[in-house]
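Undergrad: Below: one structure in structure tokens.
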Amino acid sequence: MSTSTEKLRQLLAGSDLLLMPCCFDALSAQLIEQAGFPLTFMSGFAVAATRLALPDTGLISYAEMLDQGRNILDAVSFPVIGDGDTGYGNPANVRRTVRGYADAGFAAIMIEDQLAPKRCGHTPGREIVPRAEALSRIRAAVDAREQGADILIMARTDARATAGLAEALWRMQAFADLGADILFLEALRDEAEMVDFCAQVPGPKMANMLPGGVSPILSPQRLQEIGYRIVAYPLALLNSAVYAMQEALNGLAAGDLPRRSVDFATIRNIVGFDRYDRILEQYPS
């Protein structure tokens, strides 16, 4: 059987734009797979929000992210990309982080060049590390892959916000030259910059569609024309879930049951009661 990493390689070798809603727990990942999407991304923003009710400012740890990832990976069979933030330390830490994510079963890990503690890429206050340190992180991640970790490396830069487009493009090219498998230039400011990125730097690239963020929201068709291979929707499920829960709570406070929700039979099926009972039928007492 193909590993999750091999499945992701096959998807990247195809011609279709890969639509990727991002998950935050096992249930959201399972719903994404059941809806027919080819892959998902475990969002650090969304995991910090749902697991800790805290902002994406480096407050969640490697161990917490890995634990959340294992639960997600146990629930699905399609490729999952994991948010590895800054790698949680120096190059030795990066190598351990990459190996840990690979052992858990992630198909790819994202490593970025922000100064720790990092921040969400569409919020103020971000800083990036110098070129040498950024390159060392990606080199360490690639070395871990080359030395046996079954995982792809997504290299991210936040340099556009702090050092300009030219520096961001330089870093993307340097990361590609080091052997990164997927490239992510965060928070480009307009469509022209997105076109420049895809035209100037080779290799599979990911776009990030965050309504209310810095980058323009483009259609999947236009993103594919520009040259992207993956488009992430980082908070589509989290935002929708928060809206639905607030609406339900407002209704309950007024004495009404939620009007827009799945029924008990549906949620019972989603979480696997029927599958559980079929297993028990194999072991009559």
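Undergrad: For residues that are modelled with pLDDT of 95 or more and surrounded by 22 or more Cβ atoms within 10 Å (Cβ to Cβ), scanning just the range 111-129, find the one that is farthest from Val76 (Cα to Cα).
TA: Ile128
Undergrad: So which residues in the range 57-76 are of a type in the set (Ser, Thr, Tyr) and in contact with a helix residue (DSSP H, G or I) (Cβ under 7 Å, 6 or more places away or on another chain)? Walk me through it before giving the result.
TA: In the first step, residues of the range 57-76 are kept if they are of a type in the set (Ser, Thr, Tyr); the result is 57, 61-62.
Once the filter is applied, which keeps residues that are of a type in the set (Ser, Thr, Tyr) and in contact with a helix residue (DSSP H, G or I) (Cβ under 7 Å, 6 or more places away or on another chain), the range 57-76 yields only Tyr62.
Undergrad: Now for a separate question. So the check is Cβ under 8 Å with 6+ separation or different chains; which pairs have a first residue in the range 124-142 that's more than 30 Å from Gly212 (Cα to Cα) and a second one that's aromatic (Phe, Trp, Tyr) and crowded, with 22+ Cβ neighbours inside 10 Å?
TA: From the range 124-142, the pairs are Leu135/Phe175.
Undergrad: Here's another thing I want to ask about it. With respect to the numbered conditions (1) more than 17 Å from Leu59 (Cβ to Cβ); (2) touching a strand residue (DSSP E or B) at 6+ places or on another chain (Cβ under 7 Å), which one is the sole condition not fulfilled by Arg96?
TA: (2)
Undergrad: Then there is this: Give the residues of the range 178-227 that are in contact with a Cys (Cβ under 7 Å, 6 or more places away or on another chain) and either closer than 21 Å to Gly84 by Cβ or in a helix (DSSP H, G or I) (or both), sorted by residue number.
TA: Of everything in the range 178-227, those that are in contact with a Cys (Cβ under 7 Å, 6 or more places away or on another chain) and either closer than 21 Å to Gly84 by Cβ or in a helix (DSSP H, G or I) (or both) turn out to be Lys205, Ile226.
Undergrad: Condition first: of a type in the set (S, T, N, Q) and touching a Lys or Arg at 6+ places or on another chain (Cβ under 6 Å). Now tell me which residues in the range 125-161 satisfy that. If you could, list the steps in order and put the result at the bottom.
TA: Of all residues in the range 125-161, those of a type in the set (S, T, N, Q) come to 136, 147, 157.
Residue satisfying the conditions is Thr157 alone.
Undergrad: Taking the conditions exactly as written (over 18 Å from Ala232 (Cα atoms), under 16 Å from the mean Cα position of the chain (by Cα) and either surrounded by fewer than 17 Cβ atoms within 10 Å (Cβ to Cβ) or at pLDDT 95 or above (or both)), does Thr50 satisfy them or not?
TA: When the stated conditions are applied, Thr50 passes them.
Undergrad: Sticking with this one: Which members of the range 154-179 meet the condition of being small (Gly, Ala, Ser), more than 15 Å from Val142 (Cβ to Cβ) and touching a Leu at 6+ places or on another chain (Cβ under 7 Å)?
TA: Ala168
Undergrad: Let me ask something additional. Name the pairs: first residue in the range 248-269 and under 26 Å from Gln30 (Cβ atoms), second residue assigned to a helix (DSSP H, G or I), Cβ to Cβ under 6 Å, at least 6 apart or on different chains?
TA: Pro258/Ala248; Pro258/Gly251
Undergrad: Name the helices (runs of 4 or more DSSP H) wholly inside the range 1-99 in which the number of residues that are of a type in the set (Phe, Trp, Tyr) and under 27 Å from Gln114 (Cα atoms) is 1 or more.
TA: So the answer is 44-47, 62-75.
Undergrad: Something else: Among the residues of the range 103-122, which ones are touching a residue at least 60 places away in the same chain (Cβ under 8 Å) and either polar (S, T, N, Q) or out of contact with any Gly (no Cβ under 6 Å at 6 or more places or on another chain) (or both)?
TA: So in the range 103-122, the residues touching a residue at least 60 places away in the same chain (Cβ under 8 Å) come out as 105-108, 110, 112, 117-122.
Within the range 103-122, Gly105, Ala107, Ala108, Glu112, Cys120, Gly121 qualify.
Undergrad: May I ask you to list the residues in the range 1-20 that are within 21 Å of Ala102 (Cα to Cα) and either in contact (Cβ under 8 Å) with a residue 24 or more places away in the chain or buried (at least 19 other Cβ atoms within 10 Å of the Cβ) (or both)?
TA: Thr3, Ser4, Thr5, Lys7, Leu8, Arg9, Leu11, Leu12, Met20, listed by residue number.
Undergrad: Any residue at all in the range 95-110 that's farther than 11 Å from Arg137 by Cβ, modelled with pLDDT under 95 and within 17 Å of the chain's Cα centre (by Cα)?
TA: No: zero hits.
Undergrad: Can you find, within the range 180-211, the residue that is farthest from Asp143 (Cα to Cα) among those that are in contact (Cβ under 8 Å) with a residue 40 or more places away in the chain and not charged (D, E, K, R)?
TA: Here the residue is Leu210.
Undergrad: Do you know which residues across the range 220-231 are of a type in the set (A, V, I, L, M, F, W, C), closer than 10 Å to Leu18 by Cβ and crowded, with 22+ Cβ neighbours inside 10 Å?
TA: Ile230 - this is the single residue of the range 220-231 that is of a type in the set (A, V, I, L, M, F, W, C), closer than 10 Å to Leu18 by Cβ and crowded, with 22+ Cβ neighbours inside 10 Å.
Undergrad: Quick check on my filter: what residues within the range 93-109 are surrounded by fewer than 24 Cβ atoms within 10 Å (Cβ to Cβ), in contact with a Leu (Cβ under 8 Å, 6 or more places away or on another chain) and not aliphatic (A, V, I, L, M)? Break it down into steps so the answer makes sense when it comes.
TA: Within the range 93-109, the first condition is being surrounded by fewer than 24 Cβ atoms within 10 Å (Cβ to Cβ), and the residues that meet it are 93, 95-96, 99-100, 102-105.
Checking the rest, the ones that are also in contact with a Leu (Cβ under 8 Å, 6 or more places away or on another chain) come to 100, 104-105.
If the condition is that a residue be surrounded by fewer than 24 Cβ atoms within 10 Å (Cβ to Cβ), in contact with a Leu (Cβ under 8 Å, 6 or more places away or on another chain) and not aliphatic (A, V, I, L, M), then Gly100, Gly105 are the ones that fit.
The values are calculated or read from the model by the stated rules, or taken from the named source; none is laboratory data. Since this is a predicted model, take the numbers as computed values, not measurements. Heads up, the Cβs are rebuilt from the backbone with ideal geometry, glycines too, and the neighbour counts pull from every protein chain shown.
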